[in-house]
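Asker: One structure follows; several queries about it will come next.
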Amino acid sequence: YYRRSWSSESSDSVISSESGSSCYRVVLIGEHGVGKSSLANIFAGVHDSIDSDCEVLGEDTYERALMVDGESATVILLDMWDNKHEGEWIRDHCMQVGDAYLIVYSITDRASFEKASELRIQLRRARQKEDIPIILVGNKSDLVRCREVSVAEGRACAVVFDCKFIETSAAVQHNVKELFEGIVRQVRLRRDSKEK
Ligand code: GDP
Ligand code: MG
């Protein structure tokens with residue numbers, strides 16, 4: 001049985017839980033209103049009817065054990081990018097603490113898509129020389145009639161970003177599980193290639 005083993009004082013980037021599985025800090029970034037918190041809520045299981053195994057560590061930090069490809073992983077999800085009353089330091093903090101990033105835009109909002117490129121550049125600058133796993137996330141895929149960014153554009157952008165791409169809908173819970181499994185796989189790929 002998994003219990004919380006991570007605390008905010010810890011500065012290790014990858015921490016082992018008591019069960020021996022790896023623990024990854026995943027950070028949600030992107031324009032306000034694109035659906036970051038909605039994705040985080042699904043991750044946290046607030047919509048689950050049965051008792052969820054997610055722990056809420058703080059207002060905007062969630063932790064949950066996931067089974068991916070037969071191997072368990074613990075993901076700590078940070079949704080504090082829009083937490084303005086904490087001041088600008090929070091964004092610098094976000095840029096530093098992630099083991100992996102979900103750069104989210106809305107497919108119904110071209111400005112949010114352009115913002116994603118800016119964030120990619122900021123992240124590259126903040127974490128020079130590090131090969132950080134990133135998924136570019138086109139959310140609100142259910143809003144087909146309001147689409148402003150095509151799937152092809154999203155995909156092409158991810159090629160430039162050198163990262164993975166997925167379209168999700170938090171509203172109808174499409175591809176959300178795949179998104180979180182995908183980021184665990186991306187972290188593992190880099191970990192495994194380092195061990196070689
Ligand atoms: P955040 O500011 O990035 O955290 O975005 P929120 O999660 O607060 O979502 C902003 C608004 O978009 C809310 O009204 C959500 O209900 C809505 N929203 C989020 N995800 C989706 C989605 O996948 N489809 C639709 N139709 N609406 C969404
Ligand atoms: Mg939010």
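The values are calculated or read from the model by the stated rules, or taken from the named source; none is laboratory data. Keep in mind that this is a model prediction, so the values were computed, not measured. We place every Cβ from the backbone using ideal geometry, glycine too, and count neighbours over all the protein chains shown.
Asker: When only residues in segment 26-47 that are closer than 12 Å to Tyr62 by Cβ and of a type in the set (S, T, N, Q) count, which is nearest to ligand 2 (Cβ to nearest atom)?
Answerer: Here the residue is Ser37.
Asker: Select from segment 9-65 the residues that are in a loop (DSSP other than H, G, I, E, B), of a type in the set (D, E, K, R) and surrounded by 13 or more Cβ atoms within 10 Å (Cβ to Cβ) and write down the one among them that is modelled with the highest pLDDT.
Answerer: It comes out as Glu31.
Asker: Considering only residues that are within 14 Å of Ile183 (Cα to Cα) and within 16 Å of ligand 1 (Cβ to nearest atom), which ones fall in segment 70-90?
Answerer: Result: Leu77, Leu78.
Asker: Does Ser106 satisfy the criteria of being modelled with pLDDT of 95 or more, within 12 Å of ligand 1 (Cβ to nearest atom) and surrounded by fewer than 22 Cβ atoms within 10 Å (Cβ to Cβ)?
Answerer: For Ser106, the condition - modelled with pLDDT of 95 or more, within 12 Å of ligand 1 (Cβ to nearest atom) and surrounded by fewer than 22 Cβ atoms within 10 Å (Cβ to Cβ) - is not met.
Asker: Report, by residue number, each residue of segment 96-122 that is in contact (Cβ under 8 Å) with a residue 60 or more places away in the chain, among the aliphatic types (A, V, I, L, M) and assigned to a helix (DSSP H, G or I).
Answerer: Val97, Ala111, Ala116, Leu119 - these are the residues of segment 96-122 that are in contact (Cβ under 8 Å) with a residue 60 or more places away in the chain, among the aliphatic types (A, V, I, L, M) and assigned to a helix (DSSP H, G or I).
Asker: Of the residues that sit in segment 69-93 and are more than 13 Å from ligand 2 (Cβ to nearest atom), more than 11 Å from the chain's Cα centre (by Cα) and hydrophobic (A, V, I, L, M, F, W, C), which one is modelled with the lowest pLDDT?
Answerer: Trp89
Asker: For segment 117-130, does any single residue satisfy the condition of being closer than 22 Å to Ser169 by Cα, within 16 Å of ligand 2 (Cβ to nearest atom) and either among the charged types (D, E, K, R) or modelled with pLDDT of 95 or more (or both)?
Answerer: Of the residues in segment 117-130, the ones closer than 22 Å to Ser169 by Cα are 117, 119-120.
Filter once more, keeping what is within 16 Å of ligand 2 (Cβ to nearest atom): 119.
From what's left, either among the charged types (D, E, K, R) or modelled with pLDDT of 95 or more (or both): 119.
The answer is yes; a qualifying residue exists.
Asker: Out of curiosity, is Glu148 at pLDDT 95 or above and more than 16 Å from ligand 1 (Cβ to nearest atom)? Quick ask: steps written out before the conclusion?
Answerer: Values: at pLDDT 95 or above: yes; more than 16 Å from ligand 1 (Cβ to nearest atom): no.
Against the criterion (at pLDDT 95 or above and more than 16 Å from ligand 1 (Cβ to nearest atom)), Glu148 does not qualify.
Asker: What are the pairs, 6+ residues apart or on separate chains, where a residue within segment 140-163 that is assigned to a loop (DSSP other than H, G, I, E, B) has its Cβ under 9 Å from a residue that is among the β-branched types (Val, Ile, Thr) and within 16 Å of ligand 2 (Cβ to nearest atom)?
Answerer: Sorted first by the residue in segment 140-163, then by its partner, the pairs are Lys140/Val34; Lys140/Thr168; Ser141/Thr168; Cys163/Ile103.
Asker: When you go through (1) modelled with pLDDT under 95; (2) within 16 Å of Val27 (Cα to Cα) one by one for Asn139, which number turns out not to apply?
Answerer: (1) is the only condition that Asn139 fails.
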